[in-house]
Amino acid sequence: MKKVTLTINGIRKQFIVHPDRVLLDLLREDLRLTGAKQSCDRKGQCGACTVVVNRKATRSCLAKVADLEGAEVITVEGLGTPQNPHLIQEAFVLSGAIQCGFCTPGMILAAKALLDEKPNPSVEEIKAALRRILCRCTGYKKIIEAVQLAGRFLRKEITPDQVRPDPNGPKIGVNHPRPSAMAKACGVAEFSADIKVEGAAELAAVHSPHAHARIKAIHTAAAEKMPGVIGIMTAKDIKGTNRLKFVVADRPVLCNTTVRYIGDPVAAVLAESREQAVAAAQAVEVAYEPLPIIKSPAEGLAKDAPQLHSDWPNLCYSQPQIRGDAEAALAQSAFVVETDFSTQMNHQAPLEPEACVAYLEEGDEGEEPILVVIGRSINIHYHLGMLQGALGYENMRYEEAYSGGQFGIKIDITSEGLAGAAALHFRRPVRYIPSLTESMYLSPKRHPFEMKMRLGADRQGKLTGLTMDYVVDNGAYLSAGRAMIFRALYMLSGSYYIPAVKALGKLVYTNNPWGSAARGAGPPQANFAVESAMDMLAQKVGMDPLEFRLMNSLRPGQPKSTDRVVDQWPFPELVEAIRPHYNRAKKEAEDFNRKGGSMRRGVGLGTGAFGISMSGDSANVAVELDPDGGLSVFAAAADPGEGNDSMLTQIAAHLMDLPMSKIRLVTRSTERTTATGPAAGSRMTYMVGGAMVDAIQKLKSAMAEAKATTYDQLKAAGKPNRYMGTKKNQDAAAKIDPVTGLGSSFESQVHAIQMAEVEVNTKTGDVKVVKMTTAVDAGMVINPQNLEAQLEGGVDQGVGYALREEYVAGQTKDWITFRFPTVTTACEMEHIIRETPRNTGTLGATGVGEMTMVPTAPAITNAIFNACKARVRHLPATPDKILAALGKA
Ligand code: FES
Ligand code: FES
């Protein structure tokens, strides 16, 4: 041990530590300063643990306390508090740089070290200072702007009050700071791993190293005797179905007879410390009998393929779409593109590990205790039901902690099953903070698609027909896999009118990691093929890609490929809006390329019409007028970083004409809230916002009827103060025909056209995205910063998806092997925002969260082709694929 004196946030203190103790653990575990986060298993990869040590930004997971004698440490808690924030914290809040907030403390402290040293840094200096800190939500643009604004505050060029919107001014269309932003900026918002439960033991899981094997025996005796071990839990200890049933009951909490992918959980160890639990998990010996492995959908569909699940065939779902006679249309077409495309398996990559806590809370006398699970769910009522069935325990409550990013991964539950089961089995509070590798094992992935398609046009360039067959690798468990098939199908015709369509999507069980929702969920994959083919076809027709897209735009009164006729379609206006930018970019690329050499510049387009609210979708929200005239909103409306809290607060304040401080959200617990469905599918503003508008209108009608302006007057008139609002998709009863795939599909659409400007090094195959320009129309804008933030985050993820990111089972284990986008890979972004009020929207607004994830990748690969004639049809567009395509070109 070593005695060390540190000054932490101005307080001098002595510590006696093990020589290996790192500063991060001292701060988080001993001092409960949980503003410093960890994402990368203390490998120095994420920067979430950054604090200031002796005026330098320092990754606290790498700093040994024993080496810090006399050091001065500043954590985000020491910088300021929500009541008295530091100017840098103000700047982050006011710039809209905080989404999930997991990276925020590290970013703020890196900014502090930079601005102390260089009061007026350049963008390049800001990027250099932030280069080791990852953010998955923002695309880094607003973070850079926040550091610039902080500099202006500190240099006294401007004050926060000059930037802050007037709290008594308009509530809609204004950048009011998010309700949780300041708590996140000050490090006091608690994420799952920050929650202290007294006496909690730590859990570690044993995962299968095999993709497919029978479990012959699990030997736990040696591990049970190890220091600190409380016990070891296997499938036999779980009292319920042991199946987490999302759609079908195929995924076990703990495998009992068979493992079906690398990472399937087999046993769980509970110990007094995490180190002890991990050590004991490594000592558990599992005897496996390897079984034949289904490596691909083709193998899964082979006649002699083993059946992966006895209750379900390997072809777990298929859906056609047939509109008109596409074969005849293509046979008569003057131009046809026929080719294949594929997209990779990918990880959604929220920064926060899949952490959760679970404990038993004493209930009323004579009742069994309540199992409380606090975790990262975006659909707490639905997930509560899944846990109740799997664990065989009814008396439960689910609470949503602040969570560090989502992007579809939280549509299903992961660690909660293990933690909940362990809390019941061992009757001990449990904390489960899986490692990054484990988090990758436990969580679902973006489905890889293999697509074969033909797209035709007549002599004038009008689209005639489309055929598309796509086979989707579902991995080992179904989860929301079916939705990927039908979402891809229902948005297949994208922005265009295609008279005849014949498509078939197939979903196949394999022994790969299980797939589920990932930002966009189906359309990013199918749209990559369609938008690539649009450019290929434009070239055949001899038209400019922009004119070709405009000519083929769907118009109001025409049907999508699902046969649903649209009444609003503001896509042509977006094409016109981007046209001057396109002309500018083409001219700059021509000038650039005229210089010759191996560097080539290109411009590419991609478009998308993203559907919001499937038929059958509905949401309920309750509101209560409070005695002081404020409004409480009760809805299980998760906000893992998109800004749903902001949306509800601003709309409610606007409709009730109240200050935003008088809107109280009750959203994070299954107790007292209504079920609103998942915070997914870009549906929250449209559906949940819409349900709240309905509830508020009912309240206001009751107040008008009672001639009441206050709570007391309303009550005196004998009227209730609580009202339930609903939003139901207008086509709730209409179903898609399972034979033709035709029907109502999505009720609302957000539209975008995106332009990529890239530079390709034709010697190395390296691609730099210079700029992405997005023209978007999501209806009326509730909060411009939040809208831009969604566009920017989606673009950054889209660039990663296009060029770098891929989840390779068994190889992708951390943020380096995942190739996480950093501030140095982020591109310049510009947005053109149009507001066409949506007839069925929430105050004219629809959703936008996934929009830019859809056309970014094809815009980039189209730009690569435009630059150097290398057509990449299989994502990601890595240098080797570009060089191979150039060899063929
Ligand atoms: S936890 Fe320190 S860099 Fe990731
Ligand atoms: S706000 Fe940066 S990771 Fe979410």
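The values are calculated or read from the model by the stated rules, or taken from the named source; none is laboratory data. Just so it is clear, the model here is predicted, and its values are computed rather than measured. Neighbour counts run over all protein chains shown; Cβ positions are idealised from the backbone, glycine included.
Things to note:
Yes/no per residue for (1) buried (at least 19 other Cβ atoms within 10 Å of the Cβ); (2) more than 21 Å from the chain's Cα centre (by Cα):
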residue: ASN620; (1), (2): yes, yes
residue: ASP628; (1), (2): no, yes
residue: GLY643; (1), (2): yes, no
residue: LEU665; (1), (2): yes, yes
residue: MET703; (1), (2): yes, yes
residue: ALA716; (1), (2): no, yes
residue: GLY725; (1), (2): yes, yes
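- Beta carbons closer than 9 Å, at least 6 apart along the sequence or on distinct chains, pair a first residue in the stretch 35-62 that is outside the structural domain of ALA113 (by TED's automatic domain parsing) and at positive phi with a second that is more than 14 Å from ligand 2 (Cβ to nearest atom) and among the β-branched types (Val, Ile, Thr) for ASP41/THR437; ARG42/VAL22; ASN54/VAL73; ARG55/ILE74.
- Residues that are basic (Lys, Arg) and within 27 Å of the chain's Cα centre (by Cα) were ranked within the stretch 123-168; the one that is nearest to ligand 2 (Cβ to nearest atom) is ARG136.
- Checked against the criteria, VAL633 does not count as of a type in the set (Val, Ile, Thr) and more than 30 Å from GLN713 (Cα to Cα).
- Residue check, ALA695 assigned to a helix (DSSP H, G or I), under 28 Å from ALA401 (Cβ atoms) and outside the structural domain of HIS381 (by TED's automatic domain parsing): yes
- Check on MET491, in contact with a His (Cβ under 7 Å, 6 or more places away or on another chain) and either modelled with pLDDT under 95 or not β-branched (Val, Ile, Thr) (or both): no
- The conditions of being of a type in the set (Lys, Arg), in contact (Cβ under 8 Å) with a residue 60 or more places away in the chain and closer than 30 Å to HIS212 by Cβ are not met by ARG428.
- Residue within the stretch 184-205 that is farther than 30 Å from LEU442 by Cα and of a type in the set (A, V, I, L, M, F, W, C) present: yes
- Close pairs (8 angstrom Cβ cut-off, 6 or more residues apart or separate chains): within 16 Å of ligand 1 (Cβ to nearest atom) in the stretch 392-405, assigned to a strand (DSSP E or B) and hydrophobic (A, V, I, L, M, F, W, C) anywhere: GLY404/PHE191
- Answer residue from the stretch 33-60, given it is closer than 14 Å to ALA111 by Cα and among the small types (Gly, Ala, Ser) and is farthest from ligand 2 (Cβ to nearest atom) among those: ALA57
- For the stretch 120-133, a residue qualifies if it is assigned to a loop (DSSP other than H, G, I, E, B) and away from ligand 1 (no atom under 16 Å from the Cβ), and the qualifying residues are ASN120, PRO121, SER122.
Per-residue answers, yes or no, for (1) farther than 21 Å from ILE378 by Cα; (2) modelled with pLDDT of 95 or more; (3) within 30 Å of the chain's Cα centre (by Cα):
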site	(1), (2), (3)
ALA421	no, yes, yes
LEU424	yes, yes, no
ARG446	no, yes, yes
MET451	yes, yes, yes
GLY465	yes, yes, no
GLY481	no, yes, yes
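- Taking the stretch 609-661 as the range and being hydroxyl-bearing (Ser, Thr, Tyr) and not in a loop (DSSP other than H, G, I, E, B) as the test, the residues that pass are SER618, SER632, SER646, THR649, SER661.
- Single match in LEU418, LEU478, LEU455 (criterion: crowded, with 24+ Cβ neighbours inside 10 Å and assigned to a strand (DSSP E or B)): LEU455
- Filtered residues of the stretch 641-690 (kept if of a type in the set (Lys, Arg) and over 21 Å from GLY611 (Cα atoms)): LYS662, ARG664, ARG668, ARG672
- Spans of strands (runs of 3 or more DSSP E) in the stretch 3-119 with at least 1 residues more than 31 Å from the chain's Cα centre (by Cα), of a type in the set (Val, Ile, Thr) and modelled with pLDDT of 95 or more: 11-17, 50-53, 72-74
- Unmet criterion (only one of (1) under 24 Å from PRO837 (Cα atoms); (2) touching a Leu at 6+ places or on another chain (Cβ under 9 Å)) for GLY608: (2)
- Neighbours by Cβ (under 7 Å, 6+ apart or cross-chain): first from the stretch 284-307, crowded, with 17+ Cβ neighbours inside 10 Å; second basic (Lys, Arg): TYR288/ARG214; TYR288/LYS216; LEU291/ARG214
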